[in-house]
1. Checking the conditions here, which among PHE28, PHE43, PHE51 is closer than 22 Å to ILE87 by Cβ, modelled with pLDDT under 95 and not in a loop (DSSP other than H, G, I, E, B)?
2. Of everything in segment 52-68, what is touching a residue at least 24 places away in the same chain (Cβ under 8 Å) and surrounded by fewer than 17 Cβ atoms within 10 Å (Cβ to Cβ)? Give them in sequence order.
3. Taking the stated definitions as given, is LEU71 outside any strand (DSSP E or B), surrounded by 10 or more Cβ atoms within 10 Å (Cβ to Cβ) and in contact with a strand residue (DSSP E or B) (Cβ under 8 Å, 6 or more places away or on another chain)?
4. Can you tell which of ARG91, ARG85 is surrounded by 13 or more Cβ atoms within 10 Å (Cβ to Cβ) and not in a loop (DSSP other than H, G, I, E, B)?
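The values are calculated or read from the model by the stated rules, or taken from the named source; none is laboratory data. All values reported here derive from a predicted model rather than from experimental measurement. Here the Cβ positions follow ideal geometry from the backbone for every residue, glycine too, while neighbour counts run over all protein chains shown.
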Amino acid sequence: MSEQLSGDLGLWIPRDGDCILTEDGFLFYVFGYEHPEDRVFAFLKYIPRKFAKLFNLKYHGRTWNLAGETLVRPTKLYTPENYVRIIETLRRRFP
């Protein structure tokens with residue numbers, strides 16, 4: 001199994017704790033050191049505030065700013081209910 005991904009960044013070996021910022025402004029954190037050849041295991045940690053209402057989640061009162069984007073963070077990232085909401089919303093609204 002290859003742990004190397006190529007693309008605009010050239011050769012990238014994803015490692016636990018790396019961050020992935022999507023074109024839509026979502027910020028994911030990589031977890032683990034072994035990944036499928038064409039994918040990375042990661043979880044959504046920050047959501048652009050402009051998309052927050054789409055996810056039907058509770059958020060911390062604090063905001064973060066990154067590259068001109070205001071981000072919010074769900075209060076509970078790892079509950080089964082929140083995981084389902086996040087996956088459903090990403091699939092439906094951000095395929």
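1. Being closer than 22 Å to ILE87 by Cβ, modelled with pLDDT under 95 and not in a loop (DSSP other than H, G, I, E, B) holds for just one of PHE28, PHE43, PHE51, which is PHE43.
2. LEU54, ASN56, LEU66, ALA67
3. Criteria not met by LEU71.
4. On the way: ARG91 fails: surrounded by 13 or more Cβ atoms within 10 Å (Cβ to Cβ).
Residue meeting the stated conditions: ARG85.
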